[in-house]
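Peer 1: I'd like to ask some things about the structure below.
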Amino acid sequence: MRIEAGWLRATGPTAVFNLLEQAGYKAYFVGGCVRNALLEKPISDIDMATDALPETVMTLAKDNGLRTIPTGIEHGTVTFLVDEQTVEVTTFRKDIKTDGRRAVVVFSAAMEDDAKRRDFTMNALYADRHGTILDPLGGLKDLRAGRVLFIENPEDRIREDYLRILRFFRFHALYGNPDAGIDADALNACAQNLDGIDNLSKERIGHEIRRLLGADNPAPSIAAMAQTGVLNRVFKGADHCAIAPLVHLERSLDLPPSWMRRLLALGGQDVKDALRLSKHEARLLAAMRIAVTNALSPRIAAYKLGFEAAQDAFLVLCAHLGNPLPTDLNLELSIGAKAKFPVGSIDLAGNFSGPALGARLKRLETTWISSGLQLSKDELLSQD
């Protein structure tokens, strides 16, 4: 089995292979780049594994004029920078101790040791410089079948790093076969280790949840998270029931996935803190929640929020209510997004000033909104 991809022969990986193999060491592509190449999906990072110790890798790089950064040298990782391309190289290793967040590792000369410390069988796939696949744990068949399986005992893998609970659901959303269901042993292990989620940083949790919610169809995974108690552990009061209808509505409009739109549909308490949302993200989410709670029309929501945020809010509202989308949705959103309140301070300056002026403008805007943004300036100014 071989993979074919342009990055196999890119300058960065080629330089690293030449450096290590000419010095007598082994080197392989590993993990996500191999997995995604087999699935013909784009890759984001190039990771490699080697039997050379990290200090040896650093010395070889320096002697050959290659720039490196010791990004995680205590865990065996060195990052190469070649022609503005990064390649992360990690020494074969195995865990000897972990607290559920960080592991103490020892380096190894065996690929099998390195493979067994990974999370899922589909991530324990390696490829040589020519793209030939090496599969020490049989992960290729699981990848082809869309089975997300922990390596060996699920509970052991989870206790090595509790973030793997969230990674399991994300990987199922991205790579799992929904018709095959979700591994029962893994679900049970997730349910039995909920307390470990409390020890994870909000940044790590937020990173995983954003990527999960950005999957093409996260509904089955999120339903399973609710079933095991994971969802409520991350977001107290979250409800997954609107996610599947929302995905259906998104597809009817040919909209790309949006983690924020799905997050809005989930609801829940303390979401800002749970995911470490930025101030902008938190304000936007709060404004869209008001639009959903108050069941604002597309036109009014678009006036208040803009086209995209109003569209998201209205889709979530329809998903919660089980309503179809109106045929004139885009027209109504466009009207609202382009609308301008026709009365300004100068129109009232002769009769109002200071706080009274602001209050009068606010009342007139409320009246205008209640009219569906249709009253003219003259009609508004004629109001008592």
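The values are calculated or read from the model by the stated rules, or taken from the named source; none is laboratory data. Keep in mind it's a predicted model, so treat the numbers as computed, not measured. Positions of Cβ are backbone-derived with ideal geometry, glycine not excepted, and every protein chain shown enters the neighbour counts.
Peer 1: Restricting to the range 126-178, count the residues that are in a loop (DSSP other than H, G, I, E, B) and closer than 30 Å to LEU19 by Cα.
Peer 2: 8
Peer 1: Right, something else. For the range 143-157, what are the residues that are touching a strand residue (DSSP E or B) at 6+ places or on another chain (Cβ under 7 Å) and hydrophobic (A, V, I, L, M, F, W, C)?
Peer 2: Correct list: VAL148, LEU149, PHE150, ILE151.
Peer 1: Would you be able to tell me the number of residues in the range 298-336 that are among the polar types (S, T, N, Q), crowded, with 20+ Cβ neighbours inside 10 Å and over 15 Å from GLU250 (Cβ atoms)?
Peer 2: 0
Peer 1: Then there's this: What residue, of GLY358, GLY336, GLY350, GLY354, is at pLDDT below 95 and under 27 Å from ALA309 (Cβ atoms)? Working first, answer last.
Peer 2: On the way: GLY336 fails: at pLDDT below 95; GLY350 fails: under 27 Å from ALA309 (Cβ atoms); GLY354 fails: under 27 Å from ALA309 (Cβ atoms).
Only one candidate passes the filter, namely GLY358.
Peer 1: Give me the residue from the range 180-194 that is within 22 Å of the chain's Cα centre (by Cα) and in a helix (DSSP H, G or I) and, out of that set, nearest to VAL148 (Cα to Cα).
Peer 2: ALA186
Peer 1: Please work out which residue is farthest from the chain's Cα centre (by Cα), limiting yourself to the range 29-48 and to residues that are surrounded by 22 or more Cβ atoms within 10 Å (Cβ to Cβ) and within 15 Å of HIS75 (Cβ to Cβ).
Peer 2: MET48
Peer 1: Are any of the residues in the range 312-335 of a type outside the set (S, T, N, Q) and at positive phi?
Peer 2: Yes, because at least one residue in the range 312-335 is of a type outside the set (S, T, N, Q) and at positive phi.
Peer 1: Test ALA191 against the criterion of being touching a Ser or Thr at 6+ places or on another chain (Cβ under 7 Å) and of a type in the set (Gly, Ala, Ser), and give yes or no.
Peer 2: In short, yes.
Peer 1: Right, here's the next one. Could you please find all residues in the range 111-133 being of a type in the set (A, V, I, L, M), in contact with a helix residue (DSSP H, G or I) (Cβ under 7 Å, 6 or more places away or on another chain) and farther than 18 Å from PHE168 by Cβ? Outline the logic, then answer.
Peer 2: Looking only at the range 111-133, we keep the residues that are of a type in the set (A, V, I, L, M), and these are 111, 115, 122, 124-125, 127, 133.
Narrowing the set further to residues that are in contact with a helix residue (DSSP H, G or I) (Cβ under 7 Å, 6 or more places away or on another chain) leaves 122, 124-125, 127, 133.
ALA127, ILE133 - these are the residues of the range 111-133 that are of a type in the set (A, V, I, L, M), in contact with a helix residue (DSSP H, G or I) (Cβ under 7 Å, 6 or more places away or on another chain) and farther than 18 Å from PHE168 by Cβ.
Peer 1: Looking at LEU246, LEU200, which is the one that is touching a residue at least 60 places away in the same chain (Cβ under 8 Å), in the same structural domain as PHE171 (by TED's automatic domain parsing), more than 15 Å from ARG167 (Cβ to Cβ) and aliphatic (A, V, I, L, M)?
Peer 2: Among LEU246, LEU200, only LEU246 is touching a residue at least 60 places away in the same chain (Cβ under 8 Å), in the same structural domain as PHE171 (by TED's automatic domain parsing), more than 15 Å from ARG167 (Cβ to Cβ) and aliphatic (A, V, I, L, M).
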